[in-house]
1. So which residues in the stretch 230-249 are in a loop (DSSP other than H, G, I, E, B) and out of contact with any Asp or Glu (no Cβ under 7 Å at 6 or more places or on another chain), if there are any at all?
2. Is there any pair linking a residue in the stretch 123-144 that is without any contact (Cβ under 8 Å) to a residue 60 or more places away in the chain to one that is among the charged types (D, E, K, R), with Cβ under 7 Å and at least six apart or on different chains, and which?
3. Out of all the residues in the stretch 321-340, which are assigned to a loop (DSSP other than H, G, I, E, B) and over 17 Å from Leu292 (Cα atoms)?
4. Of Ala99, Ala127, Ala177, Ala166, which residue is assigned by TED's automatic domain parsing to the domain that holds Lys327 and surrounded by fewer than 21 Cβ atoms within 10 Å (Cβ to Cβ)?
5. Among the residues of the stretch 112-156, write down those that are charged (D, E, K, R), within 26 Å of Ser60 (Cβ to Cβ) and in a helix (DSSP H, G or I).
6. Determine whether Thr281 is surrounded by fewer than 20 Cβ atoms within 10 Å (Cβ to Cβ), modelled with pLDDT of 95 or more, touching a strand residue (DSSP E or B) at 6+ places or on another chain (Cβ under 8 Å) and under 22 Å from Ala216 (Cα atoms).
7. Only one of these is touching a Phe, Trp or Tyr at 6+ places or on another chain (Cβ under 9 Å), outside the structural domain of Val48 (by TED's automatic domain parsing) and either part of a loop (DSSP other than H, G, I, E, B) or at positive phi (or both): Leu370, Leu306. Name it.
8. Among the residues that make up the stretch 88-104, is at least one of them part of a loop (DSSP other than H, G, I, E, B), among the basic types (Lys, Arg) and touching a residue at least 40 places away in the same chain (Cβ under 8 Å)?
Amino acid sequence: MMRPVYIAGTGLTAVGELWERTALSLATEALRAATTASPNQPIGALYVANALGSALGQQSNLAPAIAAASGLHGCETLTIDAGGAAGGLAIRQAMLAVASGAYEAVAVVGVEKVSDVLDEQREAALALTTDGDWEGLHGVTLTSQWAMLMRKYMHDYAVASIDFAAFPVNAHANAVANRHALYRFAITPDKVKNAGMVADPLSLLDCATVADGAAAVIISAQPHASTARAVRIAGSGVASDAIALHERADMLDLAAVRLATSRALHQANLTINDVQALDMTDPHAICAVLTLEALGYTPRGTATTLGASRAIQSTGSVPLALTGGCKARGDVVGALGVYQIVELTAQLRGTAANQVANATVALATCSAGLASTAVTHVLVAE
């Protein structure tokens, strides 16, 4: 029988273009903060999530390097590369290791260092999560594919591009209070609409910036040692889908997100209506729209109405991007799933900047590419 698993300590760095920093220094800073917040944990393993280190010519075997720099000599180490789903998968593997009794505590670090290369190199690295034979080989980027999905959504459901603007506007509004966010300023729907076009219909203000940063979590069989509210990982699910869009039965159905979330909620014995705080992979509004529909918050073709009705704001029924999301916090790619757990743990402990009143259940879902791999976790405050 699997035993309960808790978030015992958390730490993170600011997100940004951190020219003077290395991936190793960012990771050790975040891990040091997490271990300081939860001292005396017998850490038996370190799992590191990183998506772009190898592709951008940095250190590929990060886990043992971080372990040595952090004084975790001799422990099991593992580097996980699964695109934007890497952080979620690292959290899941750590949860399973502790739940099974293999270890009493496992450290997880998500880190990306992407600002030291030209844009062309970065885009090529991100495109590695697409189908190499049929998409990447021909120069298709992730942004262009999300733009195609947005265009199809607009056509199928008679939605205008301005109807998506509430999502980046909400993300920026929440990031103002997040001292770790990349873009701490507000924007308006008109600014989103009139911004320069990146991949029609995606404008510059509906496209996230890939940035540097690190986050760390100590996952333990014991709750936080202090008086802070205990936060338990109540459910975890993972699923996959065809990498190439043309191989999917329905391009506008993020099936992997839907399946991973269903499995996580089932394990937690909860429904989507129990969730009070939410974070997701949302580098563009179309990602958020399709994810909300995959999660079951609203029928197909109607998720833009959640933005228009302000339901996605911190005081709404579906509080979203509470720290700025990928758009305003910054897209930390493989580290995203770890950032999500750190940020939502703060929500459940009542210490978040954009605090949802009386939040006790939170959900984090992160995905790789166009949701070819998706991981969902459900956190519960006890």
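The values are calculated or read from the model by the stated rules, or taken from the named source; none is laboratory data. Note that the structure is predicted; figures quoted are calculated from it, not measured. Here Cβ is always computed from backbone atoms with ideal geometry, including for glycine, and neighbour counts include all displayed protein chains.
1. In the first step, residues of the stretch 230-249 are kept if they are in a loop (DSSP other than H, G, I, E, B); the result is 230, 241-244, 248-249.
Asp241, Ala242, Ala249 - these are the residues of the stretch 230-249 that are in a loop (DSSP other than H, G, I, E, B) and out of contact with any Asp or Glu (no Cβ under 7 Å at 6 or more places or on another chain).
2. Filtered contacts from the stretch 123-144: Thr141/Glu123.
3. Keep residues of the stretch 321-340 that are assigned to a loop (DSSP other than H, G, I, E, B), which gives 321-324, 329-330, 332.
Within the stretch 321-340, Thr323, Arg329, Gly330, Val332 qualify.
4. On the way: Ala99 fails: assigned by TED's automatic domain parsing to the domain that holds Lys327; Ala127 fails: surrounded by fewer than 21 Cβ atoms within 10 Å (Cβ to Cβ); Ala166 fails: surrounded by fewer than 21 Cβ atoms within 10 Å (Cβ to Cβ).
When all the criteria are applied, what remains is Ala177.
5. Residues of the stretch 112-156 charged (D, E, K, R): 112-113, 116, 119-120, 122-123, 131, 133, 135, 151-152, 156.
Subset that is within 26 Å of Ser60 (Cβ to Cβ): 112-113, 116, 119-120, 122-123, 131, 133, 135.
Selection gives Asp119, Glu120, Arg122, Glu123.
6. Numbers: surrounded by fewer than 20 Cβ atoms within 10 Å (Cβ to Cβ): no; modelled with pLDDT of 95 or more: yes; touching a strand residue (DSSP E or B) at 6+ places or on another chain (Cβ under 8 Å): yes; under 22 Å from Ala216 (Cα atoms): yes.
Criteria not met by Thr281.
7. None of the other options fit; the residue is Leu370.
8. no
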